[in-house]
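Just so it is clear, none of the values below were taken in a lab; they were calculated from the coordinates. Everything numeric in this text was worked out from a predicted model, so none of it was measured. Neighbour counts are summed over all protein chains in view; Cβ atoms, including those assigned to glycine, are modelled from backbone coordinates with ideal geometry.
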Amino acid sequence: MSENLRIKKGLDIKLVGAAEHTTSKAVTSNVYAITLNDFYGLTPKLMVKEGEEVKAGEPIFYNKDVKEMVFVSPVSGELIEVVRGARRKILTIKILADKEQQQISHNPLDLDHASDEEVRAFLLKTGCWPFIKQRPYDLIANPGTTPKAIFISAYVTAPLAADMDYVLQGKEKELQAAIKALGKMTPGLIHVSIGKNSDSPFSKIEDIALHKVSGPHPAGLVGTQINKIDPINKGELVWTLSPQDLVIIGECILSGKFNPERTVALVGSSVRKPQYYTAKIGAEISTFLYASGVNEDNFRLINGDVLTGSKVKPDGYLGFYNTTVTAIPEGDDYEFFGWNKPVFNKISSTRALTFSWLQPNKKYKLDTNTNGEHRAFVVTGQYEKVFPLDIYPLQLLKACMVQDLDEMEQLGLYEVIPEDFSLTEFVCISKQPHQKIIRDGLDLLHKEIG
Amino acid sequence: MRDKRLTFKKRLHILKHHYRGKKMAPAFNAFHTFLFTPNDTTHSGGHVRAADDLKRTMNTVIMALIPILVFSFFNTGYQHYAAIDAASGVPRTLDLMGNFFTWENFWLGFTLVIPLVIVSYGVGLLVEFIFAVIKGHEVEEGYLVTGMLVPLIVPVDTPLWMLAVAVVFGVVIGKEVFGGTGMNILNPALTIRAFLFFAYPTWMSGDKVWVHGAVDRAGTADAISGETILGYLAQNNASEYSYSTSDMFFGFIPGSVGETSAFLCLLGGIFLIYSKIASWRIMVSAVIGALVMGLIFNGVVDAGIIGETSKFYGLMSFDFWKHLIVGGLAFGIVYMATDPVTGSQTNRGKWIYGFLIGFISVMIRVFNPAYPEGVFLAILLMNVFAPTIDHYVIRGNVKRRMKRLNNASVFTGPGEGKEEELKVETA
């Protein structure tokens, strides 16, 4: 089954520093860390104390609300530190890796005979479950629920994000195993989106509804695809996964071992030699960042792409869901008459003395400056040009800001997560924090109605 | 030179930290951000932002207004001298280089219009600054455009104190009481215009105010005419004016300071549409609305329902398309109706909103007994209805979503579909 999906509205943000198609192995990290900020809304309960030894694949904490959902260690070693923040909230769990790695091994899953419950139990105990995200609310899926469909996007339009066709090469076996397992947990379809002209390994995978997508960003965001293919109604549940996580799940099913290794794109104009590295989840970013070299001292390192990633220090760790690490210059400098002089070196969705429309294929070196101050919403019609979902973006944002639950529901908040508003946030003339507004709206809706 | 600027930048940076958290911070920041785009970096959500900000957006509109301002200098002078010539019995014929673009015209217009601009900006920004300091919010850029629009939509001889009072009223009641830029219901520039119209009607309407000097000279031997084309039409005196269609289109006619040239409004409109700042939907639909209403009136006259003796005959029989090139309609459509804050906010709503502005403008123009112009009243009226239009447009989207929900057999998991399980089960 294959369908074409063409998205017209949107904006491709073309940046300097795309990764070359070469992959190196990152230097083995000394310390690995699980960053709890990666798991939104999770309350962790530690199962290992500071100073104790863990093996790779051994649970180190579980979800307080769903006890069987465990999070496992990416490596074997000693749990050296639990970093806590305000009100003793756990921020990071650090593990000093052993020289000799010891791995916990489960029995491989017999896919032909496994039942729904057996698949769930296997994914939970091996630590693969947290890769499954759910909508609405953008949380880790609850193993007690059944989604109406599962969506996977292997079409990448986010700026500088890892090229899925490249990193998934030769992973057909793992992908097929993961898809087969996922298929047992939903009565609906598993929708997979690939680029229109791509030679993605997914074109050979069975038991999926394949969609060939074309168009500018946000066509590659799974939220856009859900809205066009099978939108979420109130009360419905959809699961989403990232293709690289399918590989980890698939490998675990086939071998019984949790091997959280990924091919990560190190990109951005601050990186001297942008390319791919294989690294484990939780590895120190510095282990491969400085192998490529940086162009300047004053740069910002981002776990993820420039629109949705989270800021991380150079001595930080690779995030649980990230396939891209971006480094761009900080923009903490003033610009003389920056608001009225012609602009040639920045991207703009208008033509107000901004000339990015003259060279649609030019690649830009953007920094983190906001290019203006925060203002009330003034301009209208601007978001709609880059927002292909059948939702009124400005009105939904305002509903979230005034905390009107009825309006939030009716205008379609169930269908979106913050990343769907990353592009409207980018073009916003009033520099409003769209993703935060949506996140707060989702939290409120979850608390009041969830 | 370069070093000097760096120290200036640094000095301002130090001052910014000095003012941080203090009462005067918004006032200082307004000047600082005027000189330098701030050094703010992204700290939530996406890490990069597009180049445009509100200052740039507003600046683009001002750029579109500059040709109109310059043209108004010449036209103000020209209309004054032309009226004197006409009163002395030797009517002028327009000679573009010979008697229009002359230093004499420019200087007279300049000395009359610039004080209006200065008062408008001075008083308006002062009120904005005071409110920003009292309420502790940043000085927002909305008034940059309003301040330029106001002098262009008043008669040239409007006393400056009157303008100052109106500006204070417009900014305080029209905007600040609602929370400032982005929160207002009525277009502030038109609120100012409406205040002037209702508070000082003798200065805002009639057959004297539209040409400089006509009011002062009224009743003396040197009396000159200050009547607009619409004024002649309203009195069924269409034969008394001698303006050609091209005069009307290019704007060599009496009227408010900056509204006369439909040609420059057209250029400004094209520039604003091309730069993607203003909504082409509103402009196009407003033009259509005005044409439709004009056609209806022409049809009524053609059908013989309104006779030549009717007091509406002059305006109703006026060619429907000429409504677009006389009076303030073109200016209103391009610069006033497209105000994003007070206009419709949905794309479909913009079509309805614009159409009704054009339609009602021409209707008021014809039927208003006191004052043959209705653009600003029509836009203010539609400002009030814009949220209602949006409401119904958005209900359409909500209904579509509800329909989808009702058609979908909501899957609730293995527990079978009972009513209470319609809720999403989450942790």
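Given R₀ = 22 Å, what would the calculated FRET efficiency be for A:H446 paired with A:S310, taking r from the Cβ atoms and rounding to 0.05? Once rounded, the FRET efficiency stands at 0.60. Hey, if you put +1 on the Cβ of every Lys and Arg and -1 on every Asp and Glu Cβ in the protein assembly as shown, which of B:L54, B:G179, B:A189 ends up farthest toward the positive end of that dipole? Farthest along the dipole direction, towards plus: B:L54. Calculate how many DSSP beta bridges within chain A are antiparallel, expressed in % of all such bridges and rounded to the nearest 5. In chain A, approximately 60 percent of DSSP beta bridges are antiparallel ones. Couplings for segment B:391-406, taken from phi via the Karplus curve 6.51 cos²θ - 1.76 cosθ + 1.60 with θ = phi - 60°, read 4, 6, 5, 6, 4, x, 5, 5, 4, 4, 5, 5, 5, 4, 4, 5 Hz in order; Gly and Pro are left as x. Taking amide H as placed 1.01 Å from N in the peptide plane, the amide H of A:L301 sits under 5 Å from that of A:V312, each at least 5 places away or on another chain. Counting only alpha carbon atoms, the long axis of helix B:142-152 and the longest principal axis of chain B meet at about 10°.
As a proxy for reagent exposure, B:M283, B:M24 were ordered by neighbouring Cβ count within 10 angstrom, fewest first; the result is B:M24, B:M283. Amide H to amide H distances under 5 Å link A:A149 with A:W239, where only residues 5 or more positions off or on other chains count and H is placed in the peptide plane. Electrostatic tally near A:R262: other residues with Cβ closer than 14 Å to its Cβ, Lys and Arg +1, Asp and Glu -1, net -3. Evaluated with a Cβ-only charge set (Lys, Arg +1; Asp, Glu -1), the protein assembly as shown carries a dipole of roughly 1080 debye about its Cα centre, given to the nearest 20. Computed from Cα positions, the angle between helix B:25-35 and the longest principal axis of chain B comes to roughly 70 degrees.
Relative to the 2.2 N^0.38 Å rule of thumb, the protein assembly as shown has a C-alpha radius of gyration ratio of 1.13. Each Lys and Arg adds +1 at its Cβ and each Asp and Glu adds -1 at its Cβ; summed about the Cα centre, segment A:370-448 shows a dipole of about 400 debye.
Of all aspartates and glutamates in the structure, those lying under 20 Å Cα to Cα from A:K204, and not within fewer than 8 positions of it along the same chain, are A:E3, A:D112, A:D163, A:D165, A:E172, A:E174, A:D245, A:E251. Measuring between alpha carbons in the structure, the pairs from A:K67/A:K257; A:K196/A:K447; A:K365/B:K135; A:K363/B:K135; A:K9/B:K16 lying more than 32 angstrom apart are A:K196/A:K447; A:K365/B:K135; A:K363/B:K135; A:K9/B:K16. Computed per residue of chain A from DSSP H runs no shorter than four, each worth -39500 (n - 2.57), the mean residue ellipticity at 222 nm is -5500 deg cm²/dmol. This model, with +1 at the C-beta of Lys and Arg and -1 at the C-beta of Asp and Glu, gives chain A a dipole about its Cα centre of some 820 debye. The ranking of A:Y414, A:Y364 by Cβ neighbour count inside 10 Å, starting from the fewest, reads A:Y364, A:Y414.
Each part reduced to its alpha carbon centroid, segment B:14-67 and segment A:12-60 end up 38 Å apart. As a calculated quantity, the FRET efficiency between A:H374 and A:V27 at R0 = 41 Å, using C-beta atoms, amounts to about 0.50. Report summary: the helix-based calculation at 222 nm, which adds -39500 (n - 2.57) for every DSSP H run with n ≥ 4 and divides by the residues of chain B, gives -19000 deg cm²/dmol. Per-residue shielding of A:424-430, expressed as the average number of other chain Cβ atoms within 10 Å of the residue Cβ, stands at 6. Helix B:262-274 and the longest principal axis of the C-alpha atoms of chain B enclose an angle of approximately 20°. Each residue of segment B:66-81 was assigned a 3J(HN,Hα) from its phi angle through the Karplus expression (A = 6.51, B = -1.76, C = 1.60, θ = phi - 60°), giving 4, x, 5, 4, 5, 4, 5, 4, 5, 5, 4, x, 4, 5, 5, 5 Hz with x at Gly and Pro. When all alpha carbon pairs of chain A are counted in 20 Å bins from zero, the resulting P(r) reads 24, 60, 15, 0 %. When you restrict to C-alpha pairs under 8 Å that are six or more residues apart and normalise by the size of segment A:370-448, the relative contact order lands at 38 percent.
Kirkwood radius, segment A:52-93, all distinct C-alpha pairs, inverse of mean reciprocal distance: 11.2 Å. Bridgeable aspartates and glutamates around B:K399 (alpha carbons under 18 Å apart, same-chain partners fewer than 8 residues away excluded): A:D230, A:E236, A:D390, A:D404, A:D406, A:E407, A:E409, A:E415, B:D390. The equivalent ellipsoid that matches the C-alpha gyration tensor of segment B:54-395 spans semi-axes of 31, 26, 18 angstrom, in descending order.
Of the residues B:F36, B:F197, B:F71, the one that moves most in a GNM of chain B with alpha-carbon contacts below 10 Å is B:F36. Close amide-amide hydrogen proximity is noted between A:V264 and A:Y277, A:T278, A:A279, each under 5 Å apart and 5 or more residues distant or on a separate chain (H modeled in the peptide plane; Pro and chain starts excluded).
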